[in-house]
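Below is one structure, written out as structure tokens; comments come after it.
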Amino acid sequence: MLPELPLLSFVIWFPILGGVAVLFVGDDNPGRARTLALTVAILSFLISIPLYTLFDPATAAMQFQEFAPWIPAFTVNYHLGVDGFSMPLILLTAFMTVLVVIAGWEVVKYRVAQYMAAFLIMEGLMIGVFTALDALLFYVFFEAMLIPMFLIIGIWGGPRRVYATIKFFLYTFIGSVFMLIALIYMYNQANSFEILDFHKLPLSMTEQVLIFFAFVLAFSVKVPMWPVHTWLPDAHVEAPTGGSVILAAITLKIGGYGFLRFALPITPDAANMLDWLIITLSLIAVVYIGLVALIQQDMKKLIAYSSIAHMGFVTLGFFIVFGLYRNTGSLSGAAMGIEGGMVQMVSHGFISGALFLCVGVLYDRVHSRQIKDYGGVVNTMPIFAAFMVLFAMANSGLPGTSGFVGEFLVILSSFKANFWIAFLAATTLILGAAYTLWLVKRVIFGEIGNSHVAELKDVSTREIVMLSLLAAAVLLLGLWPDPLTSVMHTTVDNLLQHVIVTKL
Amino acid sequence: MQNIYLGIILAPLMGALIAGLFGRKIGRSGAHWITIIGVATAFLLSLIVLRHHVLSGAAPYNGSIYTWMIVEGIRLEVGFLVDNLTAIMMATVTFVSLMVHIYTIGYMHDDDGYQRFFSYIALFTFAMLMLVMSNNFLQLFFGWEAVGLVSYLLIGFWYKRESAIFANMKAFLVNRVGDFGFLLGIAAVLMAFNSLDYADVFAAAPLMASMTVQIIPGADWSLMTVTCILLFIGAMGKSAQVPLHVWLPDSMEGPTPISALIHAATMVTAGIFMVARMSPLFELSPTALSVVLVIGSITALFMGFLGIVQNDIKRVIAYSTLSQLGYMTVALGVSAYSAAIFHLMTHAFFKALLFLGAGSVIIAMHHEQDIRKMGGLWKYMPITWVTFLLGTLALIGTPGFAGFYSKDSIIEAVHASQIPGAGFAYFAVMLGVFVTSLYSFRLYFLVFHGKERMDHHTQEHLHETPAVVTVPLILLAIPSVVIGAMTIEPLLFGEVFKGVIMVTPEHNVLEHLAEHFHGAMNFALHGLTGLPFILVLAGFGSAWYLYMARPDVPERIRQLAAPVYDILDNKYYFDQFYQRFFARGSCETGTVLWKYVDAGLIDGLLVNGTARWVGWVAAVTRHLQSGYLYHYAFAMIIGLLILLTWFVTR
């Protein structure tokens, strides 16, 4: 594969066009729609692999860049490129889409082609978000992404799907409107929509604070951070399994990515001044949300709350740099925080995706998400139980699984900044294990709970394939995270050098 | 040698993976053969390592296998540090593990989860070896949590039992409280040394002795004290020290072979091993050592008391384990690290023996574990009886037996120590000797002697257990008797731990002992006249009087001292307190946060409240657009009037 090929355009538009093609196959022909969708998803993943193999980890510059004027009147360009932050997330997106197609294989019976198409188009749009280097292009992808997800929850969702979709849509939309204003403001200053130009744009403290809050609003809703998190449990509960997987595995990551791409480099002084706010909210996510997760009765809600708690580590890791620099006068430990946050994003993609798929496996059989409707599943589904326990352990951050790596690095980093931040963050060791293992105890272990459980059939080959892929990913990343972290070192260093220099 | 080390790690792992993933295909005998071959390989190779390092005196090996991650130039690696301490741990772990594997063939004979069980115990062996062979804190933590995982899986092995799946969750969570401290301790190490490699950290440790940190603003605490106490919290979880001991008695819900392997001989001693390994750090903080000493003394004495009132054969031994772990911790606290490791090793043999003996009794009694329904078993199962007696004699510290050498060394070391808390510790370990003797012989008499209290049906079927059970008992009984006399001199007073365990001269209590040490034989003879042996005899005498001569007396004592008995019977109310305060407290807090903040304030007032407010405004304003012309005309006239009034009166 030659680097001159417009690889990034391929990974964006191939799934989108493939999705359109699946739409044309139509719902009357579900078999062909599925096969085509799977082919497109697998090919999309395969063409994203060169992004990793051809990636040059020694440079912090954008790679695989593509540039074409789009709306010359406003100097809006179709400018794409990736660095060590976006590239892993693209691979994650392509990988999870394959799984989602497999997960919906026999389960979705209603409008199959449209279902599959929605996910493929979604994949292209999300990759667009990660690759866009033009702020307006980013914004277009960012908003366009809402549409397929809106449809996925609204059409294939549960009984309260209308409430959930509206809530989801309004929350994210209101958040991003302020970001649009900020982007336009900076366009007027810089006369360009280039994100990299924004990075260099000098801004006064007042400007920075306002722009920072605009970004925080947009991205904290996505992550989501307390207190703008309440859309997530509702959206997850109503979404079909595939929707939950993509929502948890990828769309939440866009919030974290936004902090790295926009908030930190564009408004470093505001971030430095207001880091306590983000850190406080992150710790609330870990402790408060952890306690709330403990008492959930609905499996999906529990995992949704657990997602919020785990994403707290992402924002904590990203914002610990300032306190660290203030307290110690050096950047030692800061890269650990950011890389930890990044690893946590990828890892959480695998683990939360896997847990939602596990809940999907049970839901497809029993049609209930309530914990009380289960009990003793291991008696009838031993293979499934093994997978579920593995993913539960990963969710509890067991070393050797991917769930450990990010939390470990972030705790190491925050300990250098402040003992009490590390102390509160580390409570996840107890809380995370408590809510996850209690879930496992009530659902998986014990005597057979009821007649539904007694009739359960263990996982099919299709489900084994899907869960094994994730299990392999979780273990590989846990036992050997170096291949992931080594591609981001230079990018992280570059960001750190950038954010400690004041723009005032 | 590196290939041998790798082989030791990988052989049990292979066994575990094959038995776990292909258990159905290879069948029951396939599963036990593959795992036993794996663990036997590890054991034989460990013997080679033992000879290479301890006997031939080879230099320690320190090397990495692969780089886990590089972050900020710090290499986090997976690698081995094999020195005399590691070699002794490896040999002990693989030997006990091998015995337990063989024993399991008999014990789990009729169980449906046969292959799964073998897979788990082989996986445990792998994880424990990873823990002891590690050359850095990261891999130590990996092994640390991995043994916790296997412990979780094995306590909940009989997953249909509500008590088992409660106990395994409890064990994991209580251990997580310890690991919480442990992880923060590792973070402190990284902060101080910018490395997680043992060699780097220990080399730089003396430079850090005077560093301070401010955890509470205004109060300067020694960095090493903070680090060591945090690390020790991890050890308190894994080695079940008060107040994180509550999981160990409940872990007896698991099958007996794993009680022997994991919850007595090996995993629970990981904390002891870890502190001994970290001796270059702990030596820098007398405060941390005093904390270790006091916690250990409390555990040694007060957990022993609880052993006296238990009626479940396994729980008596479990409380005995807690108490003995307390002894080891006490040894750590007085800087007698090698005595702690010595006791760890002897304890591994005799406690595994006692547990497996108890398992043998349980098989014979058709899974009855209440000692009030046993008695007189000696004539039905002679091998179990004799080996159990040998284990008991070793446990109570009968001069000449393995436990005597290690326990007496600890008592002497405490006696010689000057650090704060040593006085209390001496009292605790001394009184503990009497208590140990009392509960041990109580158990022994109630099980093997006296009236046969089992029902008629059980009595008819009583017989000795098969060879796969008794052979491991015999093989474990041998070291339980002789290992102490054989190894006390090189381990405590020789050069074995030189360069491995670091003791500052002013803490070196074992040196005092060395002055009076004139060979193992002499040590034992001297022990016959010492105070500990008198206490052992007193314990034996009391047990004999109470449970053989006058079996009616214990009941009378219980009635007389009812309040004391209640406290002991409720295990000092730790469980009730944790259940009420932590378990229910967390759930109640979570409910309040969820119902009132998430659902009430955020969703109810802000999110849906905003939506309702918009709806209300719309509903009100909608009335203005009635569509009737005269409404609009009227509104216009009113408006005109107001405007005119304003213009005129202005």
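The values are calculated or read from the model by the stated rules, or taken from the named source; none is laboratory data. Bear in mind that the values here come from a model prediction, so they are computed numbers and not experimental data. Heads up, the Cβs are rebuilt from the backbone with ideal geometry, glycines too, and the neighbour counts pull from every protein chain shown. Heads up: the accessible areas ignore ligands, DNA and RNA and are worked out on the full protein's heavy atoms, side chains in. Shrake-Rupley method; radii C 1.70, N 1.55, O 1.52, S 1.80 Å.
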* Asked: Each label point is 7 Å from the Cα along the Cα-to-Cβ direction; what then is the distance between the points at B:Ala583 and B:Leu605, in nm?
  -> 3.4
* Structure fact -> Using the Kirkwood radius over Cα pairs of the stretch B:585-649, the Stokes-Einstein translational diffusion coefficient at 37 °C and 0.692 mPa s, in µm²/s and rounded to a whole number, is 208
* Ranked from highest to lowest mean number of other Cβ atoms within 10 Å per residue, what is the order of the peptides B:192-202, B:308-318? -> B:308-318, B:192-202
* Structure fact -> Of the listed links B:Lys170/B:Lys351; A:Lys167/B:Lys170; A:Lys416/A:Lys441; B:Lys498/B:Lys571; A:Lys253/B:Lys160, those spanning more than 29 angstrom between alpha carbons are A:Lys167/B:Lys170; A:Lys416/A:Lys441; B:Lys498/B:Lys571; A:Lys253/B:Lys160
* Going by average Cβ neighbours within 10 Å, how do the peptides A:477-486, A:239-248 rank, with the highest at the top? -> A:239-248, A:477-486
* Asked: Under unit Cβ charges (Lys, Arg +1; Asp, Glu -1), what dipole magnitude, rounded to 20 debye, does chain B have relative to its Cα centre?
  -> 1380
* Asked: With θ set to phi - 60° and the Karplus curve 6.51 cos²θ - 1.76 cosθ + 1.60, what are the ³J(HN,Hα) couplings of the stretch A:336-353 in order, to the nearest whole Hz, using x for Gly and Pro?
  -> 4, x, 5, 5, x, x, 5, 4, 4, 5, 5, 4, 5, x, 5, 6, 5, x
* Go through B:Ile37, B:Leu393, B:Gly539 and say which Cα lies farthest out towards the positive end of the charge dipole of the protein assembly as shown; charges sit on Cβ, +1 for Lys and Arg, -1 for Asp and Glu. => B:Gly539
* To do: Can you work out the accessible area per residue across chain B, with the rest of the protein chains kept in place, probe 1.4 Å, in square angstrom?
  => 39
* Asked: Once the piece of chain linking A:Thr39 and A:Arg462 is laid out straight, how much longer is it, given 0.36 nm per residue of separation minus the C-alpha distance between them?
  -> 150.7 nm
* **Shielding of B:170-179 by partner chains, average beta-carbon count, 10 Å** => 4
* Amide H partners (placed H, <5 Å) of B:Ala58, local residues excluded -> B:His53
* Structure fact -> Most packed first (mean Cβ within 10 Å per residue), the peptides A:92-98, B:611-617 order as A:92-98, B:611-617
* Estimated [θ] at 222 nm from DSSP helical runs (n ≥ 4, -39500 (n - 2.57)) normalised by residues in chain A, nearest 500 -> -23500 deg cm²/dmol
* **Amide H within-cut-off set for A:Asp134, under 5 Å, with H built and near neighbours excluded** => A:His79, A:Ile195
* Structure fact -> Kirkwood radius from Cα pairs of the stretch A:261-377 plugged into Stokes-Einstein at 25 °C, 0.890 mPa s, gives D in µm²/s equal to 153
* Asked: Given the convex hull of the Cα atoms of the stretch B:111-204, what is a quarter of its surface area in nm²?
  -> 6.3
* Asked: Hey, could you pull the Cα Rg and Dmax for chain B, both in Å?
  -> 30.8, 122
* **Taking chain B and dividing mean pair separation by its residue count, relative contact order in percent (alpha carbons under 8 Å, at least six apart)** => 12
* Asked: What part of the accessible area of the protein assembly as shown, given as a whole %, is carbon or sulfur when the probe is 1.4 angstrom?
  -> 69
* **Estimated FRET transfer efficiency (A:Thr280, B:Ile37; beta-carbon r; R0 41 Å; 0.05)** => 0.15
* Structure fact -> For A:Lys372 and B:Asp370, extending 7 Å from Cα along the Cα-Cβ vector and measuring point to point gives, in nm, a value of 3.4
* Efficiency of FRET from Cβ geometry, B:His109 and B:His52, R₀ 45 Å, rounded to 0.05 -> 0.75
* Asked: If you plug each phi of the stretch B:91-105 into the Karplus form 6.51 cos²θ - 1.76 cosθ + 1.60 with θ = phi - 60°, what whole-Hz ³J(HN,Hα) values come out, in order, with x for Gly and Pro?
  -> 5, 4, 4, 5, 5, 4, 4, 5, 4, 5, 4, 5, 4, 4, 3
* Structure fact -> Ordered by number, the chymotrypsin sites (Phe, Trp or Tyr not before Pro) in the stretch B:617-650 that occupy a DSSP loop and have at most 13 other Cβ atoms within 10 Å are B:Tyr628
* Structure fact -> Note on the stretch B:218-281: alpha-carbon gyration tensor, axes a ≥ b ≥ c; rule is a/c under 1.5 for rounded, else prolate if a/b larger than b/c, else oblate; result oblate
* Between B and A, buried accessible area summed over both sides at probe 1.4 Å, in Å² to the nearest 100? -> 5300
* To do: Would you calculate the separation in nanometres between label points at A:Asn450 and A:Ile155, each defined as 7 Å from the Cα along the Cα-to-beta-carbon direction?
  => 3.2
* To do: Pull out a ≥ b ≥ c, the square roots of the eigenvalues of the alpha-carbon gyration tensor of chain A, then state rounded if a/c is under 1.5, prolate if not and a/b is larger than b/c, and oblate in the remaining case.
  => oblate
* Structure fact -> Over chain B, the sum of -39500 (n - 2.57) across DSSP H runs of at least four, divided by residue number and rounded to 500 deg cm²/dmol, gives at 222 nm -22500 deg cm²/dmol
* **Sequence-distant residues sharing a close amide H with B:Thr212 (under 5 Å, placed H)** => B:Leu223
* Using a/c under 1.5 as the rounded threshold, could you call the stretch B:340-443 rounded, prolate or oblate? The axes a ≥ b ≥ c are square roots of the C-alpha gyration tensor eigenvalues, and prolate needs a/b larger than b/c, oblate otherwise. => prolate
* Asked: Hey, quick one: spin label on B:His516, modelled 7 Å out along Cα-Cβ, who in the stretch B:297-341 has an amide N within reach, i.e. under 17 Å?
  -> B:336, B:339
* **Estimated vicinal HN-Hα couplings, Hz - the stretch B:394-400 in sequence order (Karplus 6.51, -1.76, 1.60; Gly, Pro = x)** => 5, 4, 6, x, 6, x, x
* Any idea what the alpha-carbon Rg over 2.2 N^0.38 Å comes to for the protein assembly as shown? -> 1.02
* Tally Lys and Arg at +1 and Asp and Glu at -1 over the other residues with C-beta under 11 Å from the C-beta of B:Ile371: what net charge comes out? -> +3
* **Rg followed by Dmax, in Å, when the stretch B:490-561 is reduced to its Cα trace** => 20.3, 56
* **Pairwise Cα inverse-distance average, inverted: Kirkwood Rh of the stretch B:1-87 (Å)** => 14.6
* Asked: For the stretch B:460-619, what percent of Cα pairs sit more than 30 Å apart?
  -> 65
